[in-house]
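Working notes for the structure below.
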Amino acid sequence: MSSESQAQASPKGEAARSSVASRGPPLSPPAAKAPELTDELIQGGWSKCWSRRENRPYYFNRFTNQSLWEVPVLGQHDVISDPLGLNAAPAEGADANLGNGQRKRRSSEEQANSLKRAKTHSVPFQAEPSTPISPGAPGAKPWSDDKQGAAPAQAAPAPAPYRPAVVYWDLEVQTNAVIRERLPAEQLPPHPEIELQRAQLVTKLRQHYHELCHQREGIDPPRESFNRWLLERKVTDRGRDPVLPSECRPVISPSMFREVMNDIPIRLSRIKYKEDARKLLFKYAEAAKKMMDSRNASPESRKVVKWNAEDTMSWLRRDHSASKEDYMDRLEHLRQQCGPHVTAVAKDSVEGICSKIYQLSCEYSRRLRHTHLGLLQDPPSAETPTAAAAQEDEAGTTTAAETTAESSPNPSRLVYCYPLRLARSSPPLPRVELHFENDVACLRFRGEMVKVNRGHFSKLELLYRYGCIDDSRFDKFLSRVWCLLKRYQVMFGGTANEGAGLQGALPVAVFEALNRHFGVSFECFASPLNCYFKQFCSAFPDTDCYFGSRGPFLSFRPVSGSFEANPPFCEELMDAMVAHFEDLLEQSSEPLSFVVFVPEWREPVTPALARMEASRFLRHQMSVPAYEHEYRSGSQHLCKREEMYYRAVHGTTVLFLQNAAGWAKWAPTPERLSELAASYRPSRAPQPPASPGPAQPPADAPSEATVREDGARDKTKERP
């Protein structure tokens with residue numbers, strides 16, 4: 001912290017900072033404590049390292065990337081006295097943009113001065129390195145094939161780090177989120193062998209779902225309904241597998257049942273031309289009549305459907321001058337008359353599909369856990385796999401309890417938000433091969449290859465450096481990256497653009513405006529691949545925690561801070577999200593704010609949107625029209641630069657949920673709202689969409705109440 005900032009700090013702020021320092025920072029100590037450093041310095045992020053080039057020790061802070069030759073002095077640096085600037089007083093005038101105690105982003109001139117000072121004092125590392133640097137070999141890549149023990153006779157110059165041409169993130173923004181100290185998570189550490197088996201089982205489960213829909217209902221599965229089923233099940237799932245549901249109530253998924261039923265007797269789609277509307281009406285009438293004749297329907301239901309279908313066909317033969325709107329109105333009338341009878345006759349069959357998929361998922365989950373526990377045994381046991389897995393499970397519980405007892409977290413102590421930690425240590429991981437094809441990094445394990453562009457690969461390196469504490473030499477980095485990429489590939493399917501809408505993100509300009517005007521520094525629903533900040537919640541704590549994830553949002557309980565929430569467009573997940581928001585805002589008297597982005601679905605309105613609009617914590621609401629704003633593609637880690645953004649096919653509602661203290665600190669004033677709305681405007685001509693939906697609105701598009709695209713509401717942005 002500079003002398004000017006110290007001079008401006010009030011005595012009250014100094015007392016608050018001393019109080020925070022006495023409570024201690026998050027439960028994230030380094031692997032080995034240097035004897036020259038006090039506990040306060042170690043907890044503040046400092047560690048002692050050895051420079052082979054200079055042949056002497058130096059001190060490195062993993063929170064600020066500072067490197068010093070001398071022993072740090074307690075209180076001299078803001079990260080120690082106040083690690084994230086929560087209690088720092090904002091400066092006046094030009095420094096007012098600091099906001100929330102955060103350091104202002106340095107200008108290019110300040111960065112140049114900082115680099116000059118670093119060179120003057122011979123700091124061993126760059127002030128802001130772009131790629132992780134192994135302590136044993138400064139400047140070397142963490143996956144280098146050189147022998148770690150062999151030191152070169154003369155230090156070679158460090159290779160120039162890879163710098164992406166365009167950066168879609170800002171990992172320098174510090175968090176203002178405060179939480180209560182929490183226990184390590186009980187998830188098993190990821191392993192490439194297990195992730196490969198999980199990928200095979202999830203693919204097999206998708207195939208079963210496809211076959212059941214064809215055999216029982218004669219339809220293709222609704223597009224991405226399996227992906228939404230996984231998201232919806234995880235809202236209530238109490239099972240141990242991170243992907244496969246295994247302990248859910250109710251057994252019948254409301255999401256899967258609703259989407260399959262919407263496609264019976266035929267799938268409805270958006271209609272652009274009159275002839276298409278005529279054909280769709282005829283197909284629906286014919287399919288409804290055929291379905292009632294082939295199923296065990298009551299005589300009354302069969303009579304109603306048959307009469308309406310024949311009346312519709314007679315009208316189609318009679319009237320050839322009807323408009324597209326006439327056909328669509330007739331289709332809506334036919335659905336209202338026949339829909340309840342079709343639903344009743346198909347209910348048992350569709351429930352059977354949902355139940356069968358869930359039972360298979362439970363079986364696959366148990367099989368994976370037994371294999372995973374057996375793989376973690378050291379040395380392997382000669383017992384049967386089931387008995388060995390049960391024994392190891394009990395041992396794992398004991399280990400977690402011992403770890404908890406040793407760490408002794410204080411659930412009443414307030415700490416700055418830190419990445420989730422796993423209770424069980426990670427075993428040695430097998431080797432993963434890496435090579436680059438132009439601007440794409442290719443990682444291969446047992447013949448299975450996953451890809452990520454070099455810019456996002458560099459981002460994963462930085463996130464790993466910030467978030468991982470058990471792998472300082474990056475020995476497990478490639479294996480964990482492979483598991484991460486494979487997990488998201490499997491979660492959202494392997495076909496082109498599948499799942500891209502479920503992982504989309506806000507444009508960079510919107511994030512910048514949120515941070516600048518509303519103090520937002522945390523994403524409630526993101527992943528290491530699409531996050532803008534280094535502080536985020538994500539769906540998979542086991543693979544994502546090494547890259548900075550704070551775990552699933554529904555189990556994340558912040559006390560204060562400013563957050564952005566752009567959830568996957570799964571209605572059950574959004575409803576649970578709103579309930580969680582209100583619970584957090586009700587219980588906290590500290591400044592707490594959530595800026596929520598959800599689709600503007602009005603026909604009918606979703607329960608989540610209706611609940612937020614009626615909430616007593618709603619401070620403001622604004623709407624962004626469809627096709628007048630855009631989102632970053634969910635496949636941004638793979639797609640081309642020109643495909644990075646796509647126009648939203650739904651309007652977006654932005655809601656500000658804040659308690660009294662949050663409203664006083666981050667009030668949605670007209671000036672701030674104007675800046676946010678301006679940041680949402682597309683700054684260029686529309687590009688081909690990377691997710692479902694046309695780049696321009698179709699001519700005479702029907703209302704969503706009449707026809708829903710592909711039998712379900714499509715999410716056009718973001719993932720958990």
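Worth pointing out:
- Subset of the range 442-478 that is part of a helix (DSSP H, G or I) and hydroxyl-bearing (Ser, Thr, Tyr) - its residue that is surrounded by the most Cβ atoms within 10 Å (Cβ to Cβ): 464
- Within the range 351-373, being among the β-branched types (Val, Ile, Thr) and within 21 Å of residue 187 (Cβ to Cβ) holds for one residue alone: 371.
- Among the residues of the range 264-307, those that are in a helix (DSSP H, G or I), within 27 Å of residue 325 (Cα to Cα) and not charged (D, E, K, R) comprise 277, 280, 281, 282, 284, 285, 287, 288, 291, 304, 305, 307.
- Residue match in the range 512-520 (condition: at pLDDT 95 or above, among the small types (Gly, Ala, Ser) and closer than 24 Å to residue 646 by Cβ): yes
- Residues in the range 531-565 that are among the polar types (S, T, N, Q) and surrounded by 24 or more Cβ atoms within 10 Å (Cβ to Cβ) were compared, and the one that is farthest from residue 470 (Cα to Cα) is 562.
- Being on the phi > 0 side of the Ramachandran plot and not basic (Lys, Arg) is a property that does not hold for residue 631.
- Residue identified as open to solvent by less than 30 Å² (accessible area, probe 1.4 Å), of a type in the set (Asp, Glu) and touching a residue at least 12 places away in the same chain (Cβ under 8 Å) among 259, 286: 259
- Residue within the range 491-512 that is within 30 Å of residue 377 (Cα to Cα), open to solvent by 10 Å² or more (accessible area, probe 1.4 Å) and not polar (S, T, N, Q) present: no
- Within the range 623-654, the residues that satisfy the criterion of being more than 30 Å from residue 164 (Cα to Cα), part of a loop (DSSP other than H, G, I, E, B) and touching a residue at least 40 places away in the same chain (Cβ under 8 Å) are 626, 650, 651.
- Those residues of the range 349-402 which are at pLDDT 50 or above, exposed (fewer than 15 other Cβ atoms within 10 Å of the Cβ) and not in a helix (DSSP H, G or I), in sequence order: 378
- Residue check, residue 242 closer than 25 Å to residue 353 by Cβ, touching a residue at least 40 places away in the same chain (Cβ under 8 Å) and open to solvent by less than 50 Å² (accessible area, probe 1.4 Å): yes
- Cβ pairs under 8 Å, 6+ apart, first in the range 327-345 and within 22 Å of residue 272 (Cα to Cα) and open to solvent by 50 Å² or more (accessible area, probe 1.4 Å), second part of a helix (DSSP H, G or I) and hydrophobic (A, V, I, L, M, F, W, C): 330/281; 330/315
- Only one entry in 603, 582, 572 is within 17 Å of the chain's Cα centre (by Cα) and touching a residue at least 12 places away in the same chain (Cβ under 8 Å), namely 572.
- Matching entry among 422, 414 (being of a type in the set (A, V, I, L, M, F, W, C) and either modelled with pLDDT of 95 or more or closer than 18 Å to residue 242 by Cβ (or both)): 422
- Residues in the range 185-229 that are open to solvent by less than 10 Å² (accessible area, probe 1.4 Å), outside any helix (DSSP H, G or I) and touching a Gly at 6+ places or on another chain (Cβ under 7 Å): 222 alone.
- If only residues of the range 655-682 that are modelled with pLDDT under 90 and in a loop (DSSP other than H, G, I, E, B) are counted, the one that is surrounded by the fewest Cβ atoms within 10 Å (Cβ to Cβ) is 681.
- Residue that is surrounded by the fewest Cβ atoms within 10 Å (Cβ to Cβ) [pool: residues in the range 46-79 that are of a type in the set (A, V, I, L, M, F, W, C) and at pLDDT below 70]: 74
- From 274, 279, residue being farther than 25 Å from residue 351 by Cβ, in contact (Cβ under 8 Å) with a residue 40 or more places away in the chain and open to solvent by 10 Å² or more (accessible area, probe 1.4 Å): 274
- Selected residue (criterion: farthest from residue 654 (Cα to Cα)) from residues of the range 585-622 that are open to solvent by less than 40 Å² (accessible area, probe 1.4 Å) and part of a loop (DSSP other than H, G, I, E, B): 588
The values are calculated or read from the model by the stated rules, or taken from the named source; none is laboratory data. If you're wondering where the values come from, they're calculated on a predicted model, not measured in any experiment. We place every Cβ from the backbone using ideal geometry, glycine too, and count neighbours over all the protein chains shown. Areas reflect the complete protein model, heavy atoms only, side chains present, ligands, DNA and RNA absent. Shrake-Rupley method; radii C 1.70, N 1.55, O 1.52, S 1.80 Å.
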